[in-house]
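No value in this document is a laboratory result; all are computed from the given coordinates. None of the values given here were measured: they were computed from a predicted structure. Ideal geometry is used to build each Cβ from the backbone, glycine not excepted, and the neighbour counts take in all protein chains shown.
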Amino acid sequence: MRTAAAFVAAIATATVLGTAASTHFVLEGLVEAGAEIPLADRIGAVGQDLVGLGPTYALVVTPALAVFLLVGARLLRSVPFPPLLVFPTAGALALLVTMAALPVAFGVMPISGARSGDGVAAQMVGGIVAGAVFALVRGGSLAIAGSPRASGRI
């Protein structure tokens, strides 16, 4: 049950951060073109994108997060890495693969704020945070698997 809650929290985190990052990159493009966008309008745009883009974004990133977080969990069973390294890495890779697959599937990158390298990197940061949230909500020891601390010997 805790893993399911952790997964939902990771999806929510990736969605909020990814949508906000996309909005930021789109607005910055407008600013570079000479538009002036007050802070209140920026905040409003993020809110509108969370409502408009958020549900679709969540549907798009959920399969990749499921696969990569599952692979991370399997990896932890056999390799002594800290969950706070494995799951954020899995989240970043999930978002990278998703952002690479979208233009192939649609012929164009449908997430406007991820059309540049910096935009994709920002999406990956959202994946890193989502993976960390997954690790923390999932619970258990955050120590390296197999270490004395993880096994309770310390």
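Here are the numbers:
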item	result
Student exercise, the range 1-137 dipole from Lys, Arg, Asp, Glu Cβ charges, in Debye to nearest 20	700
Under-5 Å amide H pairs with Phe81, H placed in peptide plane, nonlocal only	Ala145
Nearest-0.05 FRET efficiency for Gln48 and Leu136, computed from C-beta distance (R0 30 Å)	0.50
Computed lengthening from Leu39 to Val97, 0.36 nm per intervening residue step minus Cα-Cα distance	17.7 nm
Distant alpha-carbon pairs in the range 2-138 (separation over 20 angstrom), percent	45
Gained length - Val31 relative to Thr56, 0.36 nm times residue gap less alpha-carbon distance	6.4 nm
Fewest-first ranking of Ile37, Ile111, using other Cβ atoms within 10 Å as the exposure measure	Ile37, Ile111
Positive-end residue of Val8, Leu93, Leu70, charge dipole of the chain with Cβ unit charges	Leu70
Where labels lie 7 Å past Cα in the beta-carbon direction, separation of Met1 and Leu85 in nm	3.3
